[in-house]
Amino acid sequence: MTEILVAIAGVGITLCCFSFLYKDNPFYHFAESLYVGISAGYYLSVVSFHQVIKPLLLARLFPQQFASGLAVAGPSDAVFWIPAFLGILMLFKLVPSLSWISRYTIAFVMGVSTGLVLVTSIEQYIIPQIQKSIKPLILVDNVGTSLSNIILVLATICCLFYFFFSTEHKGPLYGNMAKLGIWFLMIFIGASFGSTVMGRLTILIGRFQYLANPLG
Amino acid sequence: MLFIKRTLPLFVTFVVGTLMIIAFFSGASPDSPIKRIESTLPRWTQIVMAFTMVLGSLNLVLINLRKVNRKVPGYGYSIVLLVGFFAMAIAGLFAGSWRIAEKNIKVGGVYRCLDQSGRSFSKVMVIGIDYLDLEAEKAALLKAGDPASLETAAGLDMNAKVVDRIRVAYLDKDDKVLKRTVKDEKGREKEVDYIEAVTSDRIKGICGVLMHDSQRILYKGVFANAQATMFSLLAFFVASASFRAFRIKSKESALLMLSAFIVMLGNIPLANTVSMWLMKIPVIGKFLDIVTIKEWLLAYPSSAAQTAIIIGATLGSMTASLKILLGIERSHLGGEG
Amino acid sequence: MDFLIKLKDIDRRWIFLFLAFSLILPMIFKPHMKIVASKAVQELYDYIEKLPEGTRCFLSFDFDPGAEPELGPTASAVLTHMLRRNLKPVMGGNWPLAGELAERGIATAIRRYQETYEESKSKGLLAPGAKYEVKNGEDYVILGYKTGGTIHVKNISKDFLTYYPQDKDGVSTANMKIFQNSDGRKFKMQDFGLVFSMTAGTNGIEAYISMASEHKCTMSAACTSVNIPKFTTYRQTKQLVGSVGGLPAAAEYESLVGYYGTASEGIGPQTMAHLLIMFFIVVGNMSYFAERWATKKSK
């Protein structure tokens with residue numbers, strides 16, 4: 001019975017959303033509002049509370065009430081009042097005159113995040129990308145790979161030239177390299193567009209497959 | 001007051017960020033205070049981030065309540081939104097597992113047991129509750145010997161009663177215990193009572209079943225389908241845009257279209273057929289395998305551009321992080337005051 | 001010529017209708033398309049194939065229902081493959097609906113695994129220890145979502161179970177069989193034989209790549225089509241072992257695992273719709289050039 005109700009609700013809401021393709025209409029707005037309301041309710045109850053706040057915070061503060069398994073017999077950890085306090089400060093954003101209080105929480109989160117970004121970025125993003133771009137340019141026995149490697153290195157340098165905005169893209173070397181950089185970026189954007197088309201179509205195919213068999 | 005409202009938060013960011021950097025580069029042992037700070041601060045951040053979701057939801061409710069209160073045009077949709085929100089929030093909160101509910105499970109009581117896939121319920125009678133053997137658990141923790149296990153073992157309340165599994169017997173419509181066929185050690189089939197030991201979260205009363213099913217209808221029926229359909233509408237607009245806006249107006253746009261065409265064609269199995277036709281062209285034909293060209297395009301020119309983007313974006317995010325850490329960039333703290 | 005110029009002003013709803021038909025017709029007639037696994041997909045398949053029985057693998061569901069048609073088939077195909085090889089999938093995620101999508105993925109995988117159990121056994125596709133019954137908490141577990149993205153990955157790299165004290169349904173993970181090491185050692189993230197993220201945007205595999213120096217696990221990923229160019233780069237930097245990009249790659253994985261799933265079914269409509277969009281681009285440009293030519297002529 002529940003599965004049938006799920007299918008009725010699913011097909012109904014799908015058709016309401018598709019009705020927008022004909023023209024803007026109240027069915028679409030109804031579906032849109034219901035979707036936003038339900039998603040907020042879901043994120044609040046199932047996601048934030050049951051999957052994060054309960055196991056990571058409440059289970060540490062009140063193990064008898066919220067923990068499970070062996071943790072129920074564990075002691076309450078008072079240190080966790082600090083993140084609880086910081087989290088509650090965040091809710092002051094709802095009161096315009098006191099919203100500045102939430103800045104402490106934002107400042108704390110930004111501090112941790114920026115600290116992490118600064119120490120991990122070079123190792124995990126810049127160095128591997130540079131390593132990838134260091135290739136042998138001339139391979140005597142393989143002209144094809146040589147050409148490909150030359151293009152890879154040249155394209156990387158040209159695109160980096162293009163992304164350097166501190167000076168104007170002018171001059172025979174700098175200007176032309178930046179221009180070549182644009183061309184390679186266009187190839188990349190074209191490839192991305194081709195992939196994007198595929199992605200969007202896949203989602204639509206998924207919808208049609210669902211409509212063909214909503215109980216599946 | 002300006003110090004408390006603006007300067008002190010900037011100082012907090014600086015101190016916390018600097019601590020994280022120092023801790024990362026310090027070669028101290030994992031149990032040293034600095035390394036403990038490095039593991040504690042992200043842990044708190046994770047919890048705090050959950051409150052931002054709560055904030056977002058509450059803010060949405062307040063805005064829409066205000067709209068309904070002022071009867072602004074289209075306030076009917078705000079009512080729909082609020083009904084959806086409260087229905088989902090209530091169903092979601094009560095459908096989840098609660099230890100209070102676990103305490104109410106009585107031996108001999110008739111309940112509903114959720115199957116492993118989370119789709120349907122069966123009628124069951126609780127025939128026993130198994131509790132954790134805390135002595136054995138403590139011994140295992142002490143045997144493990146790592147600092148975290150030893151700490152847990154030391155803090156255990158040995159008088160606590162912790163439910164491990166609940167033994168249930170499956171019932172038919174007339175409340176008789178169902179039978180199932182099993183094979184004994186000698187491979188002979190015999191009929192036994194259908195009994196299973198399950199975790200307490202799977203045992204629900206009638207109210208729990210109602211909440212679980214409501215949540216399923218709202219999430220799986222409405223939410224998941226609405227989201228997928230909203231995204232899928234973009235396919236129609238991509239098709240429309242490719243007809244109306246994808247024009248070759250310059251050398252750059254020609255290059256973009258050529259690349260898009262090759263990737264689109266290379267993405268479909270038809271590319272192999274097209275390649276076979278193209279191969280019949282003398283001399284250059286053997287170089288015109290669409291899938292190979294697509295792979296090459298992605299692996300060389302496109303990948304090189306992507307590398308430049310990743311390097312540029314990483315340098316950009318590092319600069320922005322440094323500016324935030326040093327208090328030069330302050331927009332994340334919001335408006336005036 | 002006039003016809004081409006007039007085409008410019010065609011009502012977009014006609015375009016929508018053409019697109020809808022281009023998808024529906026192949027769904028009805030089901031044309032057979034030959035699917036050949038690409039190098040990236042084969043690389044991942046081979047890696048999973050070689051993992052020792054009983055190895056635990058972490059699958060991160062970093063997408064939402066909007067990207068499910070692209071990543072859902074990959075999830076169930078990879079999970080089916082893992083069940084056949086008697087590997088133990090541990091499913092978490094950095095996107096809020098990770099738990100729900102994992103539930104769906106594993107349900108499909110278990111159904112397929114059990115439906116084809118005897119057939120797979122006779123073909124020698126099953127690992128010796130692969131049993132028909134698959135138990136939650138012992139053979140797989142759904143841990144659900146946790147906030148934080150990169151921060152969460154940093155946390156679990158240091159101490160996995162502290163940050164996943166309960167599974168998605170609130171059951172304690174401490175005593176789960178799947179997390180027990182034979183030598184009694186506490187479970188660590190380094191015990192995973194593979195970290196596989198199904199990424200639809202930020203906080204997917206990149207969160208794991210950022211913290212690679214801390215968890216030191218082998219990584220692989222599936223991505224939405226939009227991200228294919230980016231993920232090609234991560235494979236070249238050897239940060240990923242193989243990758244599954246979009247629906248065609250998911251269909252390739254399905255063909256390697258040996259079944260005709262939703263991704264394989266989608267290849268026909270996908271082909272038709274691609275051809276239609278290419279046709280639209282060509283006709284759109286013809287219309288544009290016809291108009292330009294007519295304007296030049298009138299001058």
Handout entry: Failed item in (1) among the aromatic types (Phe, Trp, Tyr); (2) touching a helix residue (DSSP H, G or I) at 6+ places or on another chain (Cβ under 6 Å); (3) outside any helix (DSSP H, G or I), with C:PHE280 passing the rest
Key = (3)
Problem - Count of segment B:111-135 residues which are of a type in the set (A, V, I, L, M) and in a helix (DSSP H, G or I) - result: 1
Completion exercise
When every residue in segment A:25-70 that is modelled with pLDDT under 90 and more than 11 Å from chain C (Cβ to nearest Cβ) is compared, the one surrounded by the most Cβ atoms within 10 Å (Cβ to Cβ) is A:GLN64
Handout entry: In segment C:211-222, the residues that are hydrophobic (A, V, I, L, M, F, W, C), touching a residue at least 40 places away in the same chain (Cβ under 8 Å) and either facing chain A (nearest Cβ under 9 Å) or part of a loop (DSSP other than H, G, I, E, B) (or both)
Key = C:MET211, C:CYS217
Handout entry: Verdict on B:TYR111 being at pLDDT 85 or above and surrounded by 14 or more Cβ atoms within 10 Å (Cβ to Cβ)
Key = yes
Handout entry: Among (1) assigned to a loop (DSSP other than H, G, I, E, B); (2) free of Cβ contacts under 8 Å to residues at least 60 places away in the same chain; (3) closer than 30 Å to C:TYR45 by Cβ - the single one C:LYS186 does not satisfy
Key = (3)
Exercise for the section: Looking for whichever is facing chain A (nearest Cβ under 10 Å), crowded, with 17+ Cβ neighbours inside 10 Å and of a type in the set (Phe, Trp, Tyr) here; the options are B:PHE287, B:PHE261. Which one fits? Expected result: B:PHE261
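Hey, does segment C:115-122 have a residue that's out of contact with any Leu (no Cβ under 7 Å at 6 or more places or on another chain) and either surrounded by 21 or more Cβ atoms within 10 Å (Cβ to Cβ) or in a strand (DSSP E or B) (or both)? First the steps, then the outcome.
We begin by selecting, within segment C:115-122, every residue out of contact with any Leu (no Cβ under 7 Å at 6 or more places or on another chain); these are C:115-119, C:121-122.
Add one more test, that the residue is either surrounded by 21 or more Cβ atoms within 10 Å (Cβ to Cβ) or in a strand (DSSP E or B) (or both), and what stays is none.
Scanning segment C:115-122 turns up no residue that is out of contact with any Leu (no Cβ under 7 Å at 6 or more places or on another chain) and either surrounded by 21 or more Cβ atoms within 10 Å (Cβ to Cβ) or in a strand (DSSP E or B) (or both).
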Exercise for the section: Tell me, please, whether a residue that is assigned to a loop (DSSP other than H, G, I, E, B), surrounded by fewer than 17 Cβ atoms within 10 Å (Cβ to Cβ), in contact (Cβ under 8 Å) with a residue 12 or more places away in the chain and within 14 Å of chain A (Cβ to nearest Cβ) can be found in segment B:136-159. Expected result: yes
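Restrict the check to segment C:223-242 and report whether at least one residue is in a strand (DSSP E or B), in the same structural domain as C:ALA67 (by TED's automatic domain parsing) and buried (at least 18 other Cβ atoms within 10 Å of the Cβ).
Start the filter on segment C:223-242 by keeping residues that are in a strand (DSSP E or B), which leaves C:223.
Among the residues that remain, those that are also in the same structural domain as C:ALA67 (by TED's automatic domain parsing) are: C:223.
Within this subset, residues satisfying the condition of being buried (at least 18 other Cβ atoms within 10 Å of the Cβ) are C:223.
Scanning segment C:223-242 turns up at least one residue that is in a strand (DSSP E or B), in the same structural domain as C:ALA67 (by TED's automatic domain parsing) and buried (at least 18 other Cβ atoms within 10 Å of the Cβ).
For every residue, the table says whether it meets (1) at pLDDT below 90; (2) in a helix (DSSP H, G or I); (3) closer than 25 Å to C:ALA109 by Cβ.
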position	(1), (2), (3)
C:TYR132	no, no, yes
C:ASN175	yes, no, yes
C:MET198	no, no, yes
C:THR202	yes, no, no
Fill in the blank from the handout: Taking segment B:8-43 and keeping residues modelled with pLDDT under 90 and over 30 Å from the mean Cα position of the chain (by Cα) leaves B:PHE25, B:SER26, B:GLY27, B:ALA28, B:SER29, B:ASP31, B:SER32, B:PRO33, B:ILE34
Handout entry: Residues of segment B:64-107 that turn out to be surrounded by fewer than 18 Cβ atoms within 10 Å (Cβ to Cβ), in a helix (DSSP H, G or I) and within 8 Å of another protein chain (Cβ to nearest Cβ), as a count
Key = 5
Exercise for the section: Within segment B:284-300, identify whether any single residue is modelled with pLDDT of 90 or more and part of a loop (DSSP other than H, G, I, E, B), and answer yes or no. Expected result: yes
Fill in the blank from the handout: From the option list A:ALA73, A:ALA84, single residue qualifying as surrounded by fewer than 21 Cβ atoms within 10 Å (Cβ to Cβ) and either more than 30 Å from B:THR319 (Cβ to Cβ) or among the aliphatic types (A, V, I, L, M) (or both) is A:ALA84
Fill in the blank from the handout: Over segment C:134-154, the set of residues basic (Lys, Arg) and either assigned to a loop (DSSP other than H, G, I, E, B) or over 30 Å from A:LEU57 (Cβ atoms) (or both) is C:LYS135, C:LYS146
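Could you tell me how many of the residues in segment C:159-173 are of a type outside the set (Lys, Arg) and in a loop (DSSP other than H, G, I, E, B)? Don't jump to the end; show me each part of the working.
Initial filter on segment C:159-173 (of a type outside the set (Lys, Arg)): C:159-167, C:169-173.
Right, trim to in a loop (DSSP other than H, G, I, E, B) and you get C:159, C:164-165, C:167, C:169-171, C:173.
Number of matching residues: 8.
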Handout entry: Selected residue (only one of C:LEU59, C:LEU23 is outside any loop (DSSP other than H, G, I, E, B), touching a residue at least 24 places away in the same chain (Cβ under 8 Å) and assigned by TED's automatic domain parsing to the domain that holds C:TYR140)
Key = C:LEU59
Exercise for the section: Report whether or not A:ILE127 is among the β-branched types (Val, Ile, Thr), under 29 Å from A:ASN176 (Cα atoms) and without any contact (Cβ under 8 Å) to a residue 40 or more places away in the chain. Expected result: yes
Exercise for the section: Check whether at least one residue in segment A:157-167 is surrounded by 14 or more Cβ atoms within 10 Å (Cβ to Cβ), assigned to a helix (DSSP H, G or I), in contact with a His (Cβ under 9 Å, 6 or more places away or on another chain) and at the interface with chain B (Cβ under 8 Å from one of its Cβ atoms), and report yes or no. Expected result: yes
Exercise for the section: At least 1 residues that are over 30 Å from B:GLY76 (Cα atoms) and assigned by TED's automatic domain parsing to the domain that holds A:ILE8 in each: list the helices (runs of 4 or more DSSP H) lying fully within segment A:25-105 that qualify. Expected result: A:63-66
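The values are calculated or read from the model by the stated rules, or taken from the named source; none is laboratory data. All values derive from a computational prediction rather than experimental measurement. With ideal geometry, Cβ positions are generated from the backbone for all residues, glycine too; neighbour counts draw on all protein chains shown.
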